[in-house]
Amino acid sequence: MLKDLFPKKRRYATVAPHPGARDKVPEGLIEKCKRCGQILLGKELEKHLKTCPHCGYHFTLTAPERIQITLDEGTFEEFDADLTPGDPLLFPDYPSRVAKAQEATGLKEGVVTGRGTICGNPVVVGVMDSRFIMGSMGSVVGEKLVRAVEAAVGAGLPVVFFTVSGGARMQEGIFSLMQMAKISTALARLSEAGLLYIAVLTNPTTGGVTASFAMQGDIHLAEPGATIGFAGRRIIEPLIRQKLPDEFQTAEFVLEHGMLDQVVHRKDMRALLATVLSLHPQGGETVGCRTAL
Amino acid sequence: MAVELPFEKPLIELRLKIEELKRFTEEKGIDMSVEVATLEAKARVLAESIYRDLTPWQKVQIARHPERPTTLDYIRGMCDDFVELHGDRCFREDAAIIGGIARFDGYPITVVGTQKGRDTKENIFRNFGMAHPEGYRKALRLMKQAEKFGRPILTFIDTAGAYPGAGAEERGQGEAIARNLVDMAGLRAPIVCIVTGEGGSGGALGLGIGDRLLMLEHAYYSVIAPESAAALLWKDASQGQRAANAMSITAQDLSRFGIVDEVLPEPFGGAHRDPAAMIRTVKAAVSVVLAELMAIPPANLPILRYDKYRRMGVVMGGAIDRRPADDSEDGGGLPGAELEPEVQDSRH
């Protein structure tokens, strides 16, 4: 190559990093913002409820983290923590994927349900966890959510579901699809009982979850920038043979098209939920609310 | 000339050979009747072996056959006085879903269903039977009308899925389907759903919440199209065959799982071989099921529907291990699924 004949003059000595150096940063100490690229200290990120203080990017929360920042401390009572998926289709590799997800998350399935209070307002919650096979919905996710709704109907409590999901879980086939139907019939009963259901859509909420309980709320809230849609961009773009704008299927886009009530920053979500709950008959009295920041 | 499927090729070739021999006999006056008879017997055995043990992928091909009877064929063949009703009253008419009122067994019913075309021109008009949100909203409008006027509802499902387009997303494809699920769950009118061909995911389910689910023998119903599953699993959409086999999507699978209530036998070789017979079979089955459902007080239907869907799913651990096979025996009663006493009383 001609280029090799004229070596670039190095103005500085270069030092290659020690091969193991990268691994020496303890996990969670620093994190790079996925949108603006700023390096954030773990502690700083924690203080901002895992949102970027520079650009407002919302990092994904695990179900336990979400419960911790949403419910009053020490009030959460979990339901059905021991339910675990079967393998009804004997689908290739499914049990090992489940085992891996269980090990990585410490959860038995991709949703945590239970009851607690938000600023003193009693509520039944269901929180999905995207680390568990992309937050996909199989029989156990459906069953746990339905049992949570049944508990709410029994106790006359409102329901808040936090969604994050790639959709119905392929490995459980038709059973996953039928969970959409099952949860819908349960939410119809909740509605019939005159109880409030709030869906909080977080990044990403797509496929069968969007086409069922994420869009069946009395009130739909979403976190800023969350991807919300039915069919994914990767399916639509080749079909229409053009690139979709960046804002397509963001929470703000979906709000503009009339499918959401509000897009709410994570730091304001708890207080807003408390206010909305307190405005409904079963919400009880709001007993003061700690602001997140 | 009928459209032939790849796996039917050996049979087609054999039949051509028989024709040829017959012509030979006629033209040349040489008696080949023994050979013809032998080959005809062979053809019968071959046809038997091909159609008796269709693989899931072959069933998918039959379910997609361009000459398979469409929703309009069933409506016209089963009902009198069909009056088509258009529009969702919000945005526009969607030709991928048709609906209206008609007379069945002498009483008025509401019919809705996805509609595919027979040729390219018709398919473009029908958007290949893939509905936009306005289609689902039109269907719901008509079903609510059925509830108001005390008519039972019949839905025909034959769609690859809800249309995945930019406009569909903007107008809330997810919301439209979600609304149908929750509102159909609560309708105080009998609903019978029939998967006649393709039961493609959420787009099928959007017309598929009901008191009875019937499925034609070679229809399929799946959480995701086999090709899409293959693209996700093995990054190769051409592995649809492999995915179809792995995903348990046939009417027989769904019947075994207790998800489908009745599998309706198709004419030998598929519904397209004898559409009139197929329509008669569907009509007879619907007639029985509707009579059963119309005897139930409408207010009880949502409660029974709740019980039906409540049982679906396979869950391990907790109080009870549940497998689909258990359902038929113990009725699948989970502690959490028990009805409120006052609700149960209203059934009687």
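The values are calculated or read from the model by the stated rules, or taken from the named source; none is laboratory data. These figures come from a predicted structure and were not determined experimentally. So basically every Cβ, Gly included, is an ideal-geometry build from the backbone, and we count neighbours across all protein chains shown.
Counting only residues that are touching a Phe, Trp or Tyr at 6+ places or on another chain (Cβ under 9 Å), more than 8 Å from chain B (Cβ to nearest Cβ) and within 23 Å of A:Glu223 (Cβ to Cβ), how many does the range A:170-202 have? So the answer is 7. For the range B:296-309, check the following and say yes or no: at least one residue is under 26 Å from B:Leu72 (Cβ atoms), touching a residue at least 40 places away in the same chain (Cβ under 8 Å) and either touching a helix residue (DSSP H, G or I) at 6+ places or on another chain (Cβ under 8 Å) or small (Gly, Ala, Ser) (or both). No.
When B:Glu147 is tested against (1) surrounded by 24 or more Cβ atoms within 10 Å (Cβ to Cβ); (2) in contact with a strand residue (DSSP E or B) (Cβ under 9 Å, 6 or more places away or on another chain); (3) not β-branched (Val, Ile, Thr), just one condition goes unmet, and that condition is (1). Given the criteria more than 10 Å from chain B (Cβ to nearest Cβ) and closer than 22 Å to A:Ala226 by Cβ, does A:Val160 qualify? When the stated conditions are applied, A:Val160 passes them. A:Val125 meets the conditions (1) more than 10 Å from chain B (Cβ to nearest Cβ); (2) touching a residue at least 60 places away in the same chain (Cβ under 8 Å); (3) of a type in the set (A, V, I, L, M, F, W, C); (4) buried (at least 24 other Cβ atoms within 10 Å of the Cβ) in every case but one. The failed one is (2). Surrounded by fewer than 17 Cβ atoms within 10 Å (Cβ to Cβ), within 24 Å of A:Val146 (Cα to Cα), within 14 Å of another protein chain (Cβ to nearest Cβ) and not hydroxyl-bearing (Ser, Thr, Tyr), is that true of B:Arg311? So B:Arg311 does not fit the description; no. Evaluate the range B:71-93: report whether one residue or more is under 19 Å from B:Cys193 (Cβ atoms) and either among the hydroxyl-bearing types (Ser, Thr, Tyr) or not assigned by TED's automatic domain parsing to the domain that holds B:His272 (or both). The answer is yes; a qualifying residue exists. Taking the range A:59-105 as the range and being within 24 Å of A:Glu46 (Cβ to Cβ), in a loop (DSSP other than H, G, I, E, B) and either in contact (Cβ under 8 Å) with a residue 24 or more places away in the chain or among the aromatic types (Phe, Trp, Tyr) (or both) as the test, the residues that pass are A:Phe59, A:Thr60, A:Leu61, A:Thr62, A:Leu71, A:Asp72, A:Thr75, A:Phe76.
Being under 30 Å from B:Phe128 (Cβ atoms), of a type outside the set (A, V, I, L, M) and at pLDDT below 95 holds for only one residue in A:Glu247, A:Glu256, and it is A:Glu247. Determine whether the range B:13-25 contains at least one residue that is in a helix (DSSP H, G or I), closer than 21 Å to B:Pro265 by Cα and hydrophobic (A, V, I, L, M, F, W, C). The answer is no, given that none of the residues of the range B:13-25 is in a helix (DSSP H, G or I), closer than 21 Å to B:Pro265 by Cα and hydrophobic (A, V, I, L, M, F, W, C). For residues that are hydroxyl-bearing (Ser, Thr, Tyr) and closer than 27 Å to B:Thr250 by Cβ, scanning just the range B:9-60, find the one that is surrounded by the fewest Cβ atoms within 10 Å (Cβ to Cβ). Residue satisfying both the conditions and the ranking: B:Ser49. Considering the conditions (1) of a type in the set (Gly, Ala, Ser); (2) at the interface with chain A (Cβ under 8 Å from one of its Cβ atoms); (3) surrounded by 24 or more Cβ atoms within 10 Å (Cβ to Cβ); (4) closer than 30 Å to B:Pro108 by Cβ, B:Gly174 is excluded by exactly one of them, (4). For the range A:63-83, residues that are exposed (fewer than 14 other Cβ atoms within 10 Å of the Cβ) and within 12 Å of chain B (Cβ to nearest Cβ) total 1. Being basic (Lys, Arg), touching a strand residue (DSSP E or B) at 6+ places or on another chain (Cβ under 8 Å) and touching a residue at least 60 places away in the same chain (Cβ under 8 Å) is a description that applies to B:Lys116. In the range B:185-204, the qualifying residues are those that are closer than 19 Å to A:Gly173 by Cβ and in contact with a helix residue (DSSP H, G or I) (Cβ under 6 Å, 6 or more places away or on another chain), and the one that is farthest from the other protein chains (Cβ to nearest Cβ) is B:Gly197.
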